[in-house]
Amino acid sequence: MTRQIVSVVGGKDAAGMSTYQSTNPARTSEVVAAVGLADADTFAAACRTAKEAQREWAKVPPPVRGRVIASIGRLVEANAESLARLVTEEIGKPYAEALGEVREIVDTCDFFLGEGRRLYGQTVPSEMPDKNLFTFRNPVGVAAVITAGNFPVAVPSWYLVPALLCGNAVVWKPAEYAAASGHALYRLFAAAGLPDGVLNVVFADGAETFRGLERALEEGTVHKVGFTGSSEVGRKVGELTGRHLQSACLELGGKNPMVIMPDADLDLAVEGALFSGFGTAGQRCTSLGTVIVHESVHDEFVARFARAVREAAIGAPDGDVLAGPLLDQKFAERYEEYLTWIQPHHEVVSGATGRITADNPRGAFTGEGGLYYHPVVVDGVRPSDRLFLEETFGPVVGVTTFRTLDEALELANLPGYGLSSSIYTTEATNAFRFREGISAGMVSVNNSTSGAEAHLPFGGNGKSGNGSRQSGMWVLDQFTRWQAMNWDHSGRLQKAQMDVADITPDLGFRL
Ligand code: NAD
């Protein structure tokens, strides 16, 4: 029987206004869940509920909140296989990667459960006697979190876990096409004993979410917005929050470059390009966009890369494959548009393009019933091409050449994103010059553009985000506000900068 899921606000199911069918992209006739979509009123009501619940949650001592995070981690670990299977079923991510995604939630909980016993403030010396200065981290209030569905459980956990640990309440809006995975994660969080209303999940489409968020911001029931998704929608969310004098945490798209120096280990580079270009069918925010390869090794690299891509296993995501189907019909349609950006001056070096069907098979694989696409490598890409300048969420990688590292850096920064990047080189000076010159928030040396760790800052610049960072201690600044306190116990009014003791130096002194 098809799962029926609806939003949960204040611990209670909230009826949907319309129904969305989340389908299995590997077998599109299979409905994974019938999702009741809420309207803007429900979103705004959830924010009011969260505001109410947050007051009591903030009073729970942080070490105790840390124990709740510990329980979430243990629950996710104990349910890892079933959650990963659901992710595979709903978005077509190969099972091994889905299991890795679930592991990332456990790692995030492991990091933040200890933060419950730190969440340090400081004691700061005063310029006056008998006066003490302190800093405290205060929770922000209510966080509204809106997420994409390509990492339907790990990326949301990067918001939910630290936000809750810091004493905030959350209203979470998962992507429609990953709603069942989101609902399952919500249930695991709830089972850890979070009081009703501290975490709420609202399923809604983009337009209703925007209207609901706008209303909540007007009502003063949202104090921080976390948004992971496209640069286009991120811009709108950033404008809206800016009007309310808030700065959202924006985690957006990427056009991630990989530079291959003449001294690179080419086999390693091919392996990295294959994994970051076509793993998750090229639908990671950190997926490889363009290979920028030194002209002296271009031919050799392209020959080896094209061979590796032709031999890569694409197929049912519960099998041992590099990639399964695209996430959802909307991504398949968008990807077909990206393929129209291939121009006569380009050369497709990877074989067939387009949807894998009985008429356009990949070896014996006919892709029947699923949203399967041939992985595509396009050589001869130029800096003015759309393929070079814009994110192409899906299995297509461009290749271009350079002569000097300065030229490679200029090309790598040109599209104006700035999420992830990579360089393959055996020279330390190249690696450090690349690190200094690249505008990306994340830099890999002799590694693919993909692969985050729960305790390292994750985030981008430019079209990839507004400089916010998730993960590790850095995300604490998103979900807390610093408060400074001074306490004067001198018994008199001591005025800063005025009543300061003076020690007179002899500045004319010379040896
Ligand atoms: P999207 O921007 O279309 O949707 C993301 C979320 O926003 C969904 O939940 C959607 O329902 C909601 N939404 C859509 N329109 C909205 C609006 N007007 N107001 C409020 N919410 C709205 O993104 P997508 O196409 O689902 O996801 C793919 C994109 O996400 C890619 O660009 C990818 O690079 C990016 N992404 C970034 C990261 C990161 O951490 N930087 C991680 C994963 C995905």
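The values are calculated or read from the model by the stated rules, or taken from the named source; none is laboratory data. None of the values given here were measured: they were computed from a predicted structure. As a convention, Cβ positions derive from the backbone with ideal geometry for all residues, glycine included, and neighbour counts pool all protein chains shown. Surface areas here come from the heavy atoms of the whole protein model, side chains and all, with no ligands, DNA or RNA. Shrake-Rupley method; radii C 1.70, N 1.55, O 1.52, S 1.80 Å.
Please give the helix 329-339 orientation as an angle from the longest Cα principal axis of the chain, in degrees from 0 to 90, rounded to the nearest 10. Once rounded, one gets 70 degrees. May I ask you to derive the FRET efficiency for Arg334 and Asp506 from their Cβ-Cβ distance with R0 = 56 Å, giving the value to the nearest 0.05? Given R0 = 56 Å and the Cβ-Cβ separation, E is 0.15. Just how many % of Cα pairs in region 119-233 lie over 17 Å apart, if you round to the nearest whole percent? Tail fraction, whole percent: 59.
Please check the chain for the longest run free of chymotrypsin sites (Phe, Trp or Tyr not before Pro) that are loop-located per DSSP (anything but H, G, I, E, B) and have at most 15 other Cβ atoms within 10 Å. Each step should come with its number before you reach the end.
Working: sites that count: Tyr120, Phe509.
Value returned for the longest uninterrupted segment is 121-508.
Extension gain, Arg386-Asp263: 0.36 nm per intervening residue step, less the Cα-Cα distance, totals 41.3 nm. The heavy atoms of His489 present about 100 square angstrom of accessible area, all protein chains included, probe 1.4 Å.
Relative contact order of the chain, please, whole-number percent, based on alpha carbon pairs below 8 angstrom and at least 6 residues apart. Working shown, then result.
Working: 1167 pairs, mean separation 93.6, N = 511.
After rounding, I find 18 percent.
Computed over the chain, the per-residue total of -39500 (n - 2.57) for DSSP H runs of n ≥ 4 gives a 222 nm mean residue ellipticity of -11500 deg cm²/dmol, rounded to 500. Of all lysines in the structure, the ones whose alpha carbon falls short of 19 Å from that of Lys495, not counting any fewer than 8 places away in one chain, are Lys131. In order along region 385-401, phi translates into HN-Hα couplings of 6, 4, 4, 7, 8, 10, 4, 10, 5, x, x, 9, 10, x, 10, 9, 10 Hz, rounded to whole numbers, per the Karplus curve 6.51 cos²θ - 1.76 cosθ + 1.60 with θ = phi - 60° and x for Gly and Pro.
Dividing the convex hull volume of the alpha-carbon atoms in region 134-199 by its residue count gives 88 Å³ per residue.
The dipole here belongs to the chain: it is taken about the Cα centre, uses +1 on the Cβ of Lys and Arg and -1 on the Cβ of Asp and Glu, and is about 1500 debye. Straight-line cross-link partners of Lys330 among the aspartates and glutamates, defined as a Cα under 16 Å from its Cα and at least 8 positions apart when in the same chain: Glu90, Glu176, Asp205, Glu232, Glu391. A Cα-only calculation for region 1-149 places Rg and Dmax at 20.7, 75 Å. Estimated translational diffusion coefficient (Stokes-Einstein, Kirkwood radius over Cα pairs, 10 °C, 1.306 mPa s) of region 302-449: 94 µm² per second.
Assuming R0 = 30 Å, what is the FRET efficiency of Met498 and Asn138, from their Cβ-Cβ distance, to the nearest 0.05? Can you show the working numbers first?
Working: r = 29 Å, r/R0 = 0.98.
According to the calculation, E is roughly 0.55.
Helix 428-437 and the longest principal axis of the Cα set of the chain meet at an angle near 70°.
Based on Cα contacts under 8 Å between residues 6+ apart, region 365-511 shows a relative contact order of 15 percent.
Other residues within the sphere of radius under 11 Å centred on the Cβ of Val106, judged by their own Cβ, net out at -3 (K and R +1, D and E -1). With Cβ to Cβ distances under 15 Å as the rule, what net charge do the other residues near Glu239 carry (K, R +1; D, E -1)? Once all neighbours under 15 Å are counted, the net charge is +2.
Can you tell me the orientation of helix 154-165 relative to the chain, as the angle in degrees between its alpha-carbon axis and the longest Cα principal axis, to the nearest 10? It is inclined by approximately 10 degrees.
For the chain, what does the accessible surface come to per residue with a 1.4 Å probe? Please give it in Å².
Values: 21790 Å² over 511 residues.
Accessible area per residue, the chain: 43 Å².
In sequence order, region 306-311 has phi-based couplings of 4, 5, 4, 5, 4, 8 Hz under the Karplus curve 6.51 cos²θ - 1.76 cosθ + 1.60, θ = phi - 60°, and Gly or Pro positions carry x. Between Val443 and Ala15, the simple label model (points 7 Å from Cα in the Cβ direction) yields a spacing of 5.7 nm. Seen from a random direction on average, the alpha-carbon convex hull of region 220-323 projects onto 9.6 square nanometres.
Probe radius 1.4 Å, ligands and nucleic acids ignored: give me the carbon and sulfur share of the accessible area of the chain as a rounded percent.
On the way: 11270 of 21790 Å².
Solvent-exposed carbon and sulfur of the chain make up 52 percent of the total.
Each label point was placed 7 Å from the Cα along the Cα-to-Cβ direction; for Arg55 and Arg3 their separation is 3.5 nm. Please grab the % of Cα pairs in region 1-50 that end up more than 17 Å from each other. Of all Cα-Cα distances in region 1-50, 42 percent exceed 17 Å. Computed over the chain, the Cα gyration tensor eigenvalues convert (square root of 5λ each) into semi-axes of 42, 33, 19 Å, ordered from largest to smallest. Listed by chain and number, the lysines whose alpha-carbon sits under 19 Å from that of Lys51, ignoring those within fewer than 8 places in the same chain, are Lys12, Lys59, Lys173, Lys224. How much net charge surrounds Val31 when only other residues with a Cβ under 15 Å from its Cβ are counted (Lys, Arg +1; Asp, Glu -1)? Every neighbour counted, the sum reads -3.
Give the calculated FRET efficiency between Thr28 and Glu232 to the nearest 0.05, with a Förster radius of 30 Å applied to their Cβ-Cβ distance. Computed FRET efficiency for Thr28 and Glu232 comes out at 0.75.
Backbone phi angles across region 263-279, fed through the Karplus curve with coefficients 6.51, -1.76 and 1.60 (θ = phi - 60°), yield HN-Hα couplings of 8, 6, 7, 5, 5, 5, 5, 5, 4, x, 5, 5, 5, 7, x, 10, x Hz in residue order; Gly and Pro are listed as x.
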